[in-house]
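These notes are about the structure you will find just below.
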Amino acid sequence: MSKITTELLLERAVPRSTRLRKIETLNLSKLQLKTGDLDPRLFSRLRHLQKLDLSDNLLDKFPNSLTLPDLRVLNCNNNKLEDVTALKQFPLLEELTYENNVYLTLNDDYKVMFLLQNLRLLNGKDITKLANHVRRVNSRKLTSKVTAHWEKFFHDQLPEKYTAEQIKSIRKKFLKSVQTNVVYGPSSLSEFTRWRVKMIAEEFLAQSLGLELNSDTEEEKTDENEEESTESPREAAEDVAQVVHIYDPLVTVTPSKRKRNHSKSSPGNKRSKTQANTEEEAALNPKKSKPLHFLQCHSKGNSREDFKTQLWSCVFEPVLDSGARKDPIVSSSRTVATCGGESVCLIDCETGTVLKKYKVATEEFFSVAWTTLTMVISDSRKKAHNILAAAGRRGIVKLIHVAADFCYGEIKAHKKPIATVCFSPTQETHLFTASYDKRIALWDIGIPDCDYNFKASQLLVLETASVPLRIALVPTCPEQYLLAGCEDGCFAWNIKLDKGQKSRPFEAIFQFPDEESMTTSHRVDGLAFLNDDVVVSKSSKPGCIYLWSWSRSFDAKGKGCQRTMPAVILAELEWSTTDMSYLTLSTCPAREYVFCGDEKGSVWMYNLSSHTTAWGSGKGKRSERRISPTQILQWPELRVNGEQPPEILVNNVVADPAFSYLVVLTSVNITAIWKKS
């Protein structure tokens, strides 16, 4: 017996109703409904229904004849949907959400954009511009390709007088050939392209030759199913990624205790984790200084109970105005990309809005980086676009065209996890990837054409003695030298591409003070340049952040590889005495600031503008006293059931170039954003 009855529909109407035909809003969420429970005869009486909520059920598809002629808003979140084509029966649909249906992919997004001509919002995002492109430009180009394929390969095969068997045979051959050979757009949309090509081919045959539409023989259907079975819906859901979700920030949060792994890292395992407890919402103490925004936007499965996802990397989006980009102050953006767990988020720091969210169900992202590519758009004009690279546990780099909300490609860069990535500041297509396979690779990611076709190539491989954790290009010669902080020391490589050797060992390893002697063997988990010469590095030694001179430490005139060089220390910063690893640091060169978080949720800030002049003269001696922080931002007093959470680790903290915003990433799935007054 169906779970849905007339009485249930009347009761679940919003507001409750006495007649089915009067219902305009209906909430059927969380009823464990299956497809068979949606009785078309009963639903056909909902003639004026405009809003329908079917979220949190067990639907795997929609019946083809629900007959809801006035439906405008449909929520299908958290079901098991495998196909969206039946939604074409709701032609007036304007808003559609189907998040957390693991079998649906980017291809399904494109299908509904084509099928539903009035659709404006998909999963909370305005898709008007993209949908118009799909319905018009995409369709026009595919139609042209299908017609050309017929004229070139099949036009002469059809005799002037033909039998029904000949029609059936040529139709079958044409449909199979055109779906195999007509290619357009990125490979991640191949399923949608095949679907549209078949549709266009059938329309072409019907309109041009009078051949009947949708007259598939059983044999044709079998062939098609065999072709598509090479990738199951689950595999597609795991492999295809999207930028489609918009979330509201969680202003009050509920962190939970995490255990720290103090041992050296194993491949792909940054820190061990414990299970998070389910708790009530936390309350902020208004008497304490607190961030402008708290966000919990990297939760697995969008769960607000997720306080175990670790957040690792964030970087501010560059401004596209090429005339201003040379000045970091003018080019400052308020949009930041963050990564952790299965997702990458774009956040507006001023409003706290998560602008976009990109997910890969089987990934754990460790690093993100921006570049700006000048791309040729459809009418042969050139336009600059920001591209985001994201990488992590799977060793794959995802390339995301942010303005188009589109992951247009991937590079299978390493067989082991990627710890960090960065782009060259002078060669916009050059990307460095540092991996747990003890290699740093340089890639040319190419520039995608108007159809998002691109070609990536590996230019260089740098061999490391241990796992590279942080990398930095030397500002005065970014095309010649790269620094890396690794599990067992700090190394430098010559990366000049005019050298013939594609695989290179390190050129230098740097020595640092260790009690009363110098040592090269220590974990360097923080590394950045404060200016053209001053390097800031953090080691696993408790409370140890060094500032040292690149030009006075590295002997560029020396010969040979794998040379040992003592780092010329300029100063040491006073920091936490913790021995916890992977609490990385960052710098704001334009404002001469250094930032580093600690094991208590605090952010240590150092304004070094009064020291850099002396260091730059070459006459400045090492300060015998550690430099104290200019300010320590204390983590706000968050209380859970009246108790303070015992451990919030700051994994990363980054300021925009103008130091207007400070973004803090934690070990408990919380992003905090401070705004400078």
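Quick one: compute the contact order of the stretch 6-104, relative version, from alpha carbon pairs under 8 angstrom and 6+ residues apart, as a percent. Can you show the working numbers first?
Values: 221 pairs, mean separation 21.7, N = 99.
In percent, rounded to a whole number, it is 22.
Computed from backbone phi, the HN-Hα couplings of the stretch 170-175 come to 5, 4, 4, 5, 5, 4 Hz, rounded to whole numbers (Karplus: 6.51 cos²θ - 1.76 cosθ + 1.60, θ = phi - 60°; Gly and Pro given as x). Of the peptides 388-401, 117-130, 190-203, 586-599, the order by per-residue mean of other Cβ atoms within 10 Å, starting with the highest, comes out as 388-401, 586-599, 190-203, 117-130.
Summarising the label geometry, the points placed 7 Å from Cα in the beta-carbon direction at R136 and L459 lie 3.9 nm from one another. A cut-off of 5 Å between modelled amide H atoms, ignoring neighbours fewer than 5 places along the same chain, links G597 with W604, V653.
Put simply, when 453-459, 346-352 are sorted by average Cβ atoms within 10 angstrom per residue, most first, you get 346-352, 453-459. Taking 0.36 nm per residue of sequence separation and removing the Cα-Cα distance, the S551/T476 pair yields an extension gain of 26.0 nm.
The label point for E350 and the one for K499, both projected 7 Å from the Cα toward the Cβ, are 4.6 nm apart. When its C-alpha radius of gyration is set against 2.2 N^0.38 Å (N residues), the stretch 6-104 gives a value of 0.98. Backbone N atoms of the stretch 60-81 closer than 12 Å to the 7 Å Cα→Cβ label point of K3 belong to residues 60, 79-80. A DSSP coil position with no more than 14 other Cβ atoms inside 10 Å describes the following GluC sites (Glu not before Pro) in the stretch 457-544: E515, E516.
Label the stretch 548-613 by shape, choosing from rounded, prolate and oblate, from the square roots a ≥ b ≥ c of the eigenvalues of the Cα gyration tensor; if a/c is under 1.5 it is rounded, and otherwise prolate applies when a/b is larger than b/c, oblate when it is not. Here the stretch 548-613 falls in the oblate category. With 21 Å as the limit on Cα-Cα distance, the pairs of K300/K438; K300/K357; K356/K416 that go past it are K300/K438; K356/K416.
The phi torsions of the stretch 302-311, fed into the Karplus equation with coefficients 6.51, -1.76 and 1.60 and a -60° offset, translate into couplings of 6, 7, 7, 9, 7, 10, 10, 5, 8, 9 Hz, rounded to whole numbers, with Gly and Pro shown as x.
Shown here for the stretch 9-39: trypsin sites (Lys or Arg not before Pro) in loop regions (DSSP other than H, G, I, E, B) with at most 16 other Cβ atoms within 10 Å, namely R16, R19, K30, K34.
Extension gain S677-Q166, at 0.36 nm per residue separation less the Cα-Cα distance, in nm? Kindly include the intermediate steps, with their values, before the conclusion.
Working: separation 511, 0.36 × 511 = 183.96 nm, distance 7.78 nm.
Full-extension gain reported as 176.2 nm.
Distance between the pseudo-spin-label points of H155 and V14 (7 Å out from Cα toward the beta carbon): 5.6 nm.
Read-outs: derived from the displayed coordinates by stated rules, not from any lab. Model, not experiment: these values are computed from the prediction. We place every Cβ from the backbone using ideal geometry, glycine too, and count neighbours over all the protein chains shown.
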